[in-house]
Amino acid sequence: MNPLAASKPLPRINPDNQPFWDYCRRHELRFQKCLACGHTRFPASILCPRCYSREARWILSEGQGTVYTYAVYHKAFHPAYADELPYVTAVVALSEGPHLLTNIVGCLPKEVYCDMPVTLVWEDIDGSFSLPKFKPVRQDAR
Amino acid sequence: MNFKDRYAIVGIGYTPQGRFVDRTAMSFHVEASANAIMDAGLDRKDIDGLMCYRQFSPKPGEEEVTPYDVAERLGLTPTMLSQEANCARSHLHHALGALEAGLCKYVVLSYADTSLLGTNSAFQYYDDKAVFGQLATVGEYALAAQRAMHTQGTGPETWRKIAVSQRKWAHLNPAAIMHQRPMTDKDYDDAPYIVEPFRLPDCCLMNDGGRACVITSVERARDLKHPVVAITGLGQHNSSRDIQTSTIMDGPSGAKISGETAFRMAGIAKEDVDACQIYDCFTYTVELTLQDYGFFGPGEGKDWFDHGRIAPGGSLPVNTSGGLLSEGYFMGLTPLSEAVMQLMGRCGKRQLGPETGTRTPEIILCSDNGGVFQTHATAILRRL
């Protein structure tokens, strides 16, 4: 493995977000769906912010969404990202409702646009973590 | 509760601002606060409240700044101490609440940092989004600005006017970090991207230094040495939505309700405002704040900022010290302190009025903003 890649920040696991990252390791993108009111929430939380019910189940995302917004990093704020410039961060609106901050991969930064249809791809960063990232549904998306 | 014209800002404390390898954040807090107390003509024994803005992580070798450590070094034993943990911009509400409750008579509000030397500054941090390379505040505001480009057609044409206009103000302010560093439209266009769509001049400065002010009742202010600058309107609204989940990043942000609340308290309309001091962490923040305050409609900033409207000589001066973009970064105290100094008539070459071909100000609108449009506060100041 690239030693620089190994030094990138890793998810910081806590009791709230552990299920999310455990599912990710199995390549399952899951969000909590409130059993009382049906609201799907992210990030993970102990109760539903709409009805305060604690009852929820982790629903499986289909991994389909659109780019709500994006940004292109031209400066590395961490040395491990220096070789990746320019890279694209984005907020993806999933079809299940939640928005997820992630990366758009598999295309040039200039090819990304708001409302672009994207689909889930997994990036395994080491034996312990997998990151949900997104690529254009079509390579010639625009 | 209506605080209209009952409390005043009576002293401002400045420090050197720029890059100072031999200074600590603590030393800037102490210097700024002491200068504010002396500027008001007060004695340290008068001060019974001390509030500090959030403190970024200290650079190696520096101790964490706490309000009680600042108080100790100022020789204070205050009734009230507080410090925000993050970017909740409720200081003026807290200060006026403490004054109104009779808890305090004179409250000092202070900010300081040694951000240029810090290892974990405002622009570089790690949270749960860092695994995707979301490592800096500029990246989050860039996401917001990109969304507004999509939904409202804003963009660099608008932001360039903000950055260039504020730089012109900085030329009139010898203390501004960007004083005598002119910027043309072409300079802006040629500047490198940091996180696209933001170029370097879209981003506020990072600097060492401190800033403080003293707040008391208007009655006490009348016995002090400066013209009385009252808080005539106050508002606050906090969307409390992270950029990841936000759907207000292209407005209306908390500025809308916060501004409406402040204007209602002041009993004035936006036409009554002589100048604005807008929290300008990024150029887009200025645009969205003024848009949400109702000065123009969504996306209309492109035309509204034309003809030097906010620049020296313009009809609505904005960020007359140079602001966070071109004077120096002191969180909400950059705009607030400049509003006070302008209303007191102490601004030298950049003084609003005949000196700069602008209206002599009686009312100045100020904003403060925290997180990524997660918190917002509005203060309207008036010279009594």
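Accessible area per residue was computed with a 1.4 Å probe on protein heavy atoms; A:Tyr113 scores about 40 Å². Per-peptide packing, taken as the mean over residues of other Cβ atoms within 10 Å, places B:356-368, B:155-167 in the sequence B:155-167, B:356-368 from highest down.
Measuring between their Cα centroids, segment B:163-196 and segment B:62-92 lie 33 Å from each other. In plain terms, the chain from A:Ser95 to A:Ile46 could stretch by 15.4 nm, reckoned as 0.36 nm per residue minus the Cα-Cα distance. Restricting the calculation to Cα atoms, the protein assembly as shown shows an Rg/Rh of 0.98 when the hydrodynamic-style radius is the Kirkwood one. Under 26 Å of direct C-alpha separation, and excluding same-chain neighbours fewer than eight residues apart, B:Lys105 reaches these lysines: B:Lys4, B:Lys45, B:Lys225. Looking at chain B, the DSSP beta bridges with both ends there are about 75 percent antiparallel. Taking the Cβ of B:Pro298 as the center, what net charge do the other residues with Cβ under 15 Å away carry, scoring Lys and Arg +1 and Asp and Glu -1? That sum, taken over residues with Cβ under 15 Å, equals -2. Around the amide H of B:Cys104, modelled in the peptide plane, lie the amide H atoms of B:Leu99, all under 5 Å away and 5 or more residues distant in sequence or on another chain. Placing pseudo-labels 7 Å out from each Cα toward the beta carbon at A:Leu85 and B:Lys270 gives an inter-label distance of 3.8 nm. Per-residue ellipticity at 222 nm, computed for chain B from helices alone with -39500 (n - 2.57) per DSSP H run of at least four residues, works out to -9000 deg cm²/dmol. For chain A, taking a cut-off of 4.7 Å between Cβ atoms, the unpaired cysteines are A:Cys24, A:Cys107, A:Cys114. Residue separation of B:Arg6 and B:Arg181 scaled by 0.36 nm, minus their Cα-Cα distance, works out to 59.0 nm of gained length. Taken along the Cα-to-beta-carbon direction at a fixed 7 Å, the label points for A:Ser53 and B:Asp303 span 5.0 nm. The value obtained for chain A, namely the Cα convex hull volume divided by the number of residues, is 117 Å³ per residue. So what does the Cα-only Debye profile of segment B:257-384 read at q = 0.12, 0.14, 0.16 Å⁻¹, as log10 I(q)/I(0), no solvent term? Log10 I(q)/I(0), no solvent term: -0.39, -0.54, -0.73. Close amide-amide hydrogen proximity is noted between A:Phe31 and A:Ile59, A:Ser61, each under 5 Å apart and 5 or more residues distant or on a separate chain (H modeled in the peptide plane; Pro and chain starts excluded).
The values are calculated or read from the model by the stated rules, or taken from the named source; none is laboratory data. Given the structure is predicted, the values throughout are model-derived calculations rather than measurements. All Cβ positions, glycine included, derive from the backbone under ideal geometry; neighbour counts span all protein chains shown. Quick note on the areas: whole protein, heavy atoms, side chains included, nothing else; ligands and nucleic acids left out. Shrake-Rupley method; radii C 1.70, N 1.55, O 1.52, S 1.80 Å.
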